[in-house]
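Take a look at the structure set out below.
The values are calculated or read from the model by the stated rules, or taken from the named source; none is laboratory data. Given the structure is predicted, the values throughout are model-derived calculations rather than measurements. Reconstructed Cβ throughout: ideal geometry from the backbone, glycine too, with neighbour counts over all protein chains shown. Just so you know, the surface numbers come from the protein's heavy atoms only, side chains and all, with ligands and any DNA or RNA stripped out. Shrake-Rupley method; radii C 1.70, N 1.55, O 1.52, S 1.80 Å.
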Amino acid sequence: MNAPFTNNRWRPPETVMRLKRLGSLHQCRLSFMRVLTRRMASEKWQFSRAVFDVDTRGVGHAVYTATGPERSYSLVAFAHDLPPEQRSDRVIAEAWDATFALFDGVPTQADVDRLSQNVPLQEAGRVSERELTLSRANRSVRLWTHVVDALASGRQPDIAQIDDVGYLMRTTAVYGSGKFGAADRDVIADRPEMHGPFQAEMLTVYFIRTFVRDLVQHMAQNQGGDAAVALDPAIARRLGIGNSTGLGMAPYLVNHPVLFNNWIAAREEAIARVRAIQRASAVEISVFEKLLNRAELSITRWRSAHVAQLQKLADLRTDLQALRTYLADNALTSDYPWDRLHVWAESALNEEGQEFLASLMLEPYGELIDGLAHCMSDTNADAFRIDGAMSVREVRALLEASFGWARDMDWSARKNIARAWYTSEEKLEPRLGERFEEPIAEYEQPLAPARDAALAMRALEGWSDTVPIAEFLLEHAEHRHTIRRAQMHRVAPYGEIHDNTIGADVLPIDMLRAKLSFFGATHFDPRSDRWVRICMYAGAPYPEDLTPENADLWVYPETAS
Amino acid sequence: MNVSLNEVEALAKKATRGAGYPWGLAEDAAKAVRFLCSNGVDGCAALAGTLRVFDGAQLHNRMPRQVDGFWQAETGDACPIALGAALLDRAGLTTGQVQTVGPIVHPILLVPFIAQIALVNGCAMRFHAGSFQVVTDGKFIETLGAISEHADTARVEQEGKLKAPNSHVSRATPDAAVWDVLNAFAHKTYAPATEESRRKGAG
């Protein structure tokens, strides 16, 4: 079933692209993990573990292979014996509990040997065009020790402790797209199973979760011998893979405006299609209500100690109560029930509740919206090319469309430019510094589109409306980056964040959450204003259990009833 | 060395910025080098050579002007990055016209911009630069003659047909020495680490 595009009902970018809202996004049917598990199940992918060669200290390697209709992909995993003092989630770490590469195909022994010399070194090693991703993970020492000890002594681990942490290992980076010598995105972008964004990365993490489950069982067996028991599959399923994400991910959204637009636009189109439905069937209403119950359970398990997140969780719980009251008073059997619900939410709920609800009301309508996942890649290479024939008038209008709000801000005021994004010499990773306290301004990265647009608008003052922008660019090459972005607005209306990314009060975790929500992450737990822990694949079936029936809604925990 | 095209593009962008170009031109340079490498031409060497010539130059000295019908630098040789961008920006305004270029270093770096012009115009373009010619339809290129590091004059015209284009490749194989030069330029974009920045800014 194909609905016509309903983009006249898309929420406007000035509403959607505020940082506070982006920092309140929730996973939905279009999230990349769910897209992957749905595909693997519907195409009946086969999974195997060809090698699991790990010694009693937990050192060794394993190979897991997934085979789809046309191709195979293999996780090559290396397990290490990491001294506790070297365990760090920081990107500047140099050793990890486990390291991984996703191999394109089925590796030979020579491939594994080559990878064993490089993958454990991560950034200090090199991988090749045969590898699609490079990643690493560290144990949650507390939960790891508890689970190994429990299983080794013949007991199942304590559910409260499982839920309190949520994962046995957390990844601290999953690199793809040609990083450190791996295959470029172009190499795999035309494959149906890799066309969607981050599918290689999502497959990597899915496999890592399986490896970690197998490794913890192996270690318990070694420790307990005959006394050890197998981990209850129901408990294993509750375990996800943690992910610790720092600043490196925040600039990604600014650096990929067309791609980011396509993610947001696909979700906005999905929301608009559902709002346009005149009548909800009894089955659709039932799906929504059941998943609301399951989502509430997930929210009760969402832990954070961060003050901003605690407030957001409190807001979300208040919103859920308001939603319950609304649903008690307003049957979804009226006409245009989702549109009514959405309009009500816009004035009655916080951003957290609005975005939670917007994602949830998509759930009954997979047939209507799942195809939008195909539209979420950036295949528009031409968007990079500047149209120099465009008039100054048109460029002004495009700048105004995304950054009119920024034009009259005082861009010399300290609070508006307190921060600067830069790259550190030490680990070549993005950082956010204090412009007036550190010597970083001359190294600033172009990650303040609002300020730069305001400067370009000022430079354009005095230029005649009818002059081609090519003339301006010859005199003002310093604004070339900004003019290019402005023209991208034509194909990417949701490409720009409508907030100041260098102000004293900017929260990079808002950008991190926006990206991670599209991965399908849950249980965002900021550890500061610039790094966040999340959980991936909690509740998902393991490869041997994956079926079309359980491939999609695993993100919502099963309720007791 | 064997590197991904993403690595080429990322390093080329930082290197160009490190040599003092504005970010917008650095982005164009990065895409240009990637395009050359994907067409089997050593774009890394051309960029490294160009950045050495223009390292530290004032912006207005890098920017081309059209004088007596020739695109050229105010003094000395023209920069192919700034000139390529200027030609491409005019693609929609100069369709069908022959563009002539004065003295220029690493003229091969103009080719990716001319390829984009071919896409805008929807027809093949021919580039003459001293000892060599290149024909491009926007996606592929065909080189004729030995690529030189300098040309006294060059010409771009809407003409030509690809007979035996270079094959596309998915990896680049720059010389380690060239890669080092680009890394040295890129290094200028990195802020020196301080204990304070580690504590405050690191993710």
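A few points about this structure:
- The distance linking segment A:137-204 with segment A:75-120 is 13 Å (Cα centroid to Cα centroid, whole angstrom).
- Working value for segment A:32-246: equivalent-ellipsoid semi-axes of 28, 20, 16 Å, each the square root of 5 times a Cα gyration tensor eigenvalue, largest first.
- Nearest-0.05 FRET efficiency for A:Glu43 and A:Thr333, computed from C-beta distance (R0 25 Å): 0.10
- Dipole size of the protein assembly as shown about its Cα centre, with +1 on Lys/Arg Cβ and -1 on Asp/Glu Cβ: approximately 580 debye, rounded to the nearest 20.
- Whole-Hz Karplus values for segment A:176-190 come out as x, 6, x, 5, 6, x, 5, 5, 5, 3, 4, 5, 10, 5, 8 Hz, taken residue by residue from phi with 6.51 cos²θ - 1.76 cosθ + 1.60 and θ = phi - 60°; glycine and proline positions read x.
- Other-chain or far-sequence residues with amide H under 5 Å of A:Ala173's (modelled H): A:Arg136
- Residue by residue along B:25-36, Cβ atoms of other protein chains within 10 Å of the local Cβ number 2 on average.
- A:Tyr443 contributes an accessible area of around 40 Å² to the protein surface, as traced by a 1.4 Å probe with all chains present.
- Eligible lysines near A:Lys427 by straight Cα distance, threshold 23 Å, same-chain separation 8 or greater: A:Lys179, A:Lys515, B:Lys13, B:Lys14, B:Lys188, B:Lys200
- When A:Trp263, A:Trp344, A:Trp405 are compared by accessible area at a 1.4 angstrom probe, the order from most to least is A:Trp405, A:Trp344, A:Trp263.
- Beta bridges assigned by DSSP with both partners in the protein assembly as shown are antiparallel in approximately 90 percent of cases.
- In chain A, the longest principal axis of the Cα atoms and the axis of helix A:337-348 are about 70 degrees apart.
- The mean accessible area for residues of chain B, using a 1.4 Å probe and ignoring ligands and nucleic acids, is 39 Å² per residue.
- Comparing B:Trp23, B:Trp71, B:Trp179 in a Gaussian network model of chain B, where Cα atoms under 10 Å apart are tied by springs, the biggest mean-square fluctuation is seen for B:Trp23.
- For segment B:136-175 versus segment B:42-61, the spacing of their alpha-carbon centroids is 20 Å.
- Value of Rg to Rh for the protein assembly as shown (Rh from inverse mean 1/r over Cα pairs, i.e. Kirkwood): 0.98
- Per-residue average of Cβ from other chains inside 10 Å of A:384-393: 5
- Residue with peak Gaussian network fluctuation, chain B [Cα springs, cutoff 10 Å], from B:Leu93, B:Leu25, B:Leu47: B:Leu93
- In degrees, nearest ten, helix A:351-360 long axis to first principal axis of chain A (Cα): 60
- Loop-resident trypsin sites (Lys or Arg not before Pro) (DSSP state other than H, G, I, E or B) in segment A:1-85 with no more than 12 further Cβ atoms inside 10 Å of their Cβ: A:Lys44, A:Arg57.
- Accessible area of segment A:32-246 divided out per residue, in Å², using a probe of 1.4 angstrom: 36
- In chain A, Cα pairs under 8 Å separated by at least six residues give a relative contact order of 22 percent.
- Modelled FRET efficiency - R0 41 Å, A:Glu475 with A:Ala276, Cβ distances, 0.05 increments: 0.30
- Solvent-accessible area buried by pairing A with B, both sides, nearest 100 square angstrom, 1.4 angstrom probe: 4100
- Whole-number D in µm²/s for segment A:381-488 (Stokes-Einstein; Kirkwood sum over Cα pairs; 37 °C, 0.692 mPa s): 218
- B:Lys139 - accessible surface, heavy atoms, 1.4 Å probe, Å² rounded to 10: 120
- Per residue of B:185-192, other chain Cβ atoms within 10 Å of the residue Cβ number 5 on average.
- Taking each residue as 0.36 nm, the span from A:Ala381 to A:Ser286 lengthens on full extension beyond its C-alpha to C-alpha distance by 29.9 nm.
- With a Förster radius of 25 Å applied to the C-beta separation of A:Ala397 and B:Lys139, the computed FRET efficiency comes to 0.20.
- Sulfur and carbon atoms: percent of accessible area, the protein assembly as shown [1.4 Å]: 50
- Per-residue Karplus couplings for segment A:262-272, computed as 6.51 cos²θ - 1.76 cosθ + 1.60 with θ equal to phi - 60°, are listed in order as 5, 5, 5, 5, 4, 5, 4, 5, 4, 4, 5 Hz, Gly and Pro entered as x.
- Estimated distance in nm for a label pair at A:Ala227 and A:Ala459, the labels positioned 7 Å out from Cα along Cα-to-Cβ: 7.2
- Amide H contacts of A:Ser72 (H built 1.01 Å from N, under 5 Å, at least 5 apart or other chain): A:Gly105
- Angle between chain A longest axis and helix A:307-329 axis [Cα atoms, degrees, rounded to 10]: 90
- Most to least accessible of A:Ser281, A:Ser72 (protein chains only, probe 1.4 Å): A:Ser281, A:Ser72
- Of all DSSP beta bridges in segment A:32-246, antiparallel share, percent nearest 5: 90
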